[in-house]
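First comes the structure, then the notes that go with it.
The values are calculated or read from the model by the stated rules, or taken from the named source; none is laboratory data. Bear in mind that the values here come from a model prediction, so they are computed numbers and not experimental data. Using ideal geometry, Cβ is built from the backbone for each residue, glycine included, and neighbour counts are taken over all protein chains shown. Areas reflect the complete protein model, heavy atoms only, side chains present, ligands, DNA and RNA absent. Shrake-Rupley method; radii C 1.70, N 1.55, O 1.52, S 1.80 Å.
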Amino acid sequence: MAAVPPVAYVYSPEYMARCDALCKAPRRASMVHSLIEAYSLLEHMTIVKPKVATMEEMASFHTDAYLQHLQKVSEEGDDDHPESVEYGLEETSDAGSHPQVTTVRLPRGSLTMRQPWGEPPSPQPSACWTASARDEASGFCYLNDAVLGILRLRQKFDRVLYIDLDLHHGDGVEDAFSFTSKVMTVSLHKFSPGFFPGTGDVTDVGLGKGRYYSVNVPIQDGIQDEKYYQICETVLKEVYAAFNPEAVVLQLGADTIAGDPMCSFNMTPEGVGKCLKYILQWQLATLILGGGGYNLANTARCWTYLTGVILGRTLSSEIPDHEFFTEYGPDYVLEITPSCRPDRNEPQRIQEILNLIKGNLKHVV
C-alpha cells in the first residue's frame, strides 16, 4: 500500500454537539463520528480540536454589522429583532429557529489546520456552511466557514482551488471570490428552475479580474457515478492545467447520494470517492469539508467511506456494532444501491457544457 500523507481530523465533543443541533440534520454529526470510530479509522489520524474563532477572524469575510447582529441575537434570542429580516435571518422552512446563531464564535473546523502548512489532508465531515454571504444568511447557513478557511490558506498559498461537489450550487464561496484570480471556484450541482439557490449556470464565470475563475457545471436529476465522474475528471483536468493550484478546499456534500430526501442525483459513495481520489493524486495541501446530506444513515455511510479513501483503507461491507447500529437496517451494510430513477442529463448538452468550460479556461492565466 502506498504511503498516505498525514491526516488531521477535526473533532471535539463540544463541536459535535453544536453540529448535532442543526434542525435539518439532528444527530448527523454524532452518527458520522460514531461510524468512523467503529471502523477504527480514528487511530490512523491526528485528532485536532477546533479553535474558537475571534470576531476579528470572522470579520476577515463577514461585515462587522452582520457579526454584531448575530452576537446580539445569540445572546438575546430571536424575539424583538425586526432588523433580522435585512440580514436574511427571518425564519424559513429550512432554518427553523436558527440554532446555528448560537455558534457565532465557533466556525466548524475550517480554521483548524495542522502545522506546517500543507502537509495533511484535513477532513472535517460533520458540517460545512458555504451559502452565507458577507452580510446575509442563506438557507440555514449563517457563517461561511469555507470562505474563512480559504482566506487562512491564502496566507500561505498564492492560488487556492475550491471544489464544491454538493447537490446545491456553492454560491456563497463563489460570490466571495468572484472578483479575484487568486481563488478559483468549481461547482458541480443541480441547476433547475425553482431549485435552491437558483444560481450557477455555466455562463456564470466571475467578474472583473476574477472573470473565468468561476467554473459552474449545471447537472440535471438522475445522474449516476460513471457519468458524474467523467464530467468531474474532465473539468478538473482542465482546471488544474489552467490554474495550477497550490492548495485545495474540497466540499463533499452527501445530498447527491441515492436515497437522499432531495430526490435529485443518483450517486453512491464509490462515485464520489473516485472524484476524491482524482483530487488527492495531485498531492496538494487539501482541506476536506462535509456539506449537505439529509438521509442521516447514508450520509454517515458516505463520509465514513470517504474517510477510508483519504486514509487509503478498504472498509468491511458489514456495519460494525456501535451506538447507532440499528439506524443502518435492514441490510446493515456500508454500500448504497442506486435507485431506478431516470438520468435526465442528455449527452449532447453535457458535451456543450464541457466545451464551454474548456473554452472559458483558455482565458485563465
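Residues in the range 129-141 include none that are of a type in the set (Phe, Trp, Tyr), modelled with pLDDT of 95 or more, on the phi < 0 side of the Ramachandran plot and open to solvent by 20 Å² or more (accessible area, probe 1.4 Å). Only one entry of TYR305, TYR228, TYR213 meets the criterion of being among the hydroxyl-bearing types (Ser, Thr, Tyr), within 17 Å of ILE150 (Cβ to Cβ) and modelled with pLDDT of 95 or more, and that entry is TYR213.
Screening GLY273, GLY359, GLY290, GLY329 for residues that are buried (at least 16 other Cβ atoms within 10 Å of the Cβ) and out of contact with any strand residue (DSSP E or B) (no Cβ under 8 Å at 6 or more places or on another chain) leaves exactly one candidate, GLY273. Taken over the range 333-356, the criterion of being within 24 Å of the chain's Cα centre (by Cα) and among the β-branched types (Val, Ile, Thr) is satisfied by ILE336, THR337, ILE350, ILE353.
Within the range 209-219, the set of residues being buried (at least 17 other Cβ atoms within 10 Å of the Cβ) and not in a strand (DSSP E or B) comprises GLY210, TYR212, TYR213. Go over the candidates THR307, THR256 one by one and state the one that is farther than 20 Å from ILE231 by Cβ, touching a Lys or Arg at 6+ places or on another chain (Cβ under 9 Å), among the polar types (S, T, N, Q) and open to solvent by less than 10 Å² (accessible area, probe 1.4 Å). The conditions single out THR307.
The set of residues in the range 171-194 being out of contact with any Leu (no Cβ under 9 Å at 6 or more places or on another chain) and touching a residue at least 40 places away in the same chain (Cβ under 8 Å) consists of ASP171, GLY172, VAL173, GLU174, ASP175, SER181. In the range 6-20, is there at least one residue being open to solvent by 10 Å² or more (accessible area, probe 1.4 Å), within 25 Å of GLN283 (Cα to Cα) and modelled with pLDDT of 85 or more? For the range 6-20, residues open to solvent by 10 Å² or more (accessible area, probe 1.4 Å), within 25 Å of GLN283 (Cα to Cα) and modelled with pLDDT of 85 or more: present.
The numbered conditions (1) surrounded by fewer than 17 Cβ atoms within 10 Å (Cβ to Cβ); (2) modelled with pLDDT of 95 or more; (3) of a type outside the set (S, T, N, Q) are all true for VAL365 except (2). The C-beta contact set for the range 351-365 (first residue closer than 11 Å to TYR212 by Cβ, second residue not aliphatic (A, V, I, L, M), distance under 7 angstrom, 6+ apart or interchain) comprises ILE357/GLU238; ASN360/TYR212; LEU361/TYR212; LEU361/GLU238; HIS363/TYR212; VAL364/TYR212; VAL364/TYR213; VAL364/PHE243. Within this structure, GLY206 fails the test of being part of a loop (DSSP other than H, G, I, E, B), modelled with pLDDT of 95 or more and in contact with a Pro (Cβ under 6 Å, 6 or more places away or on another chain).
Considered as a group, the residues in the range 229-253 that are assigned to a loop (DSSP other than H, G, I, E, B) and open to solvent by less than 30 Å² (accessible area, probe 1.4 Å) include one that is farthest from TRP303 (Cα to Cα), and that residue is PRO245. Search the range 20-47 for residues that are under 13 Å from TRP303 (Cβ atoms) and among the polar types (S, T, N, Q) and pair each with any residue that is open to solvent by less than 40 Å² (accessible area, probe 1.4 Å) and not in a helix (DSSP H, G or I) when their beta-carbon atoms are under 7 Å apart and the residues are at least 6 apart or on different chains. As it stands, the answer is SER34/HIS322; SER34/PHE324, since those pairs meet every condition given.
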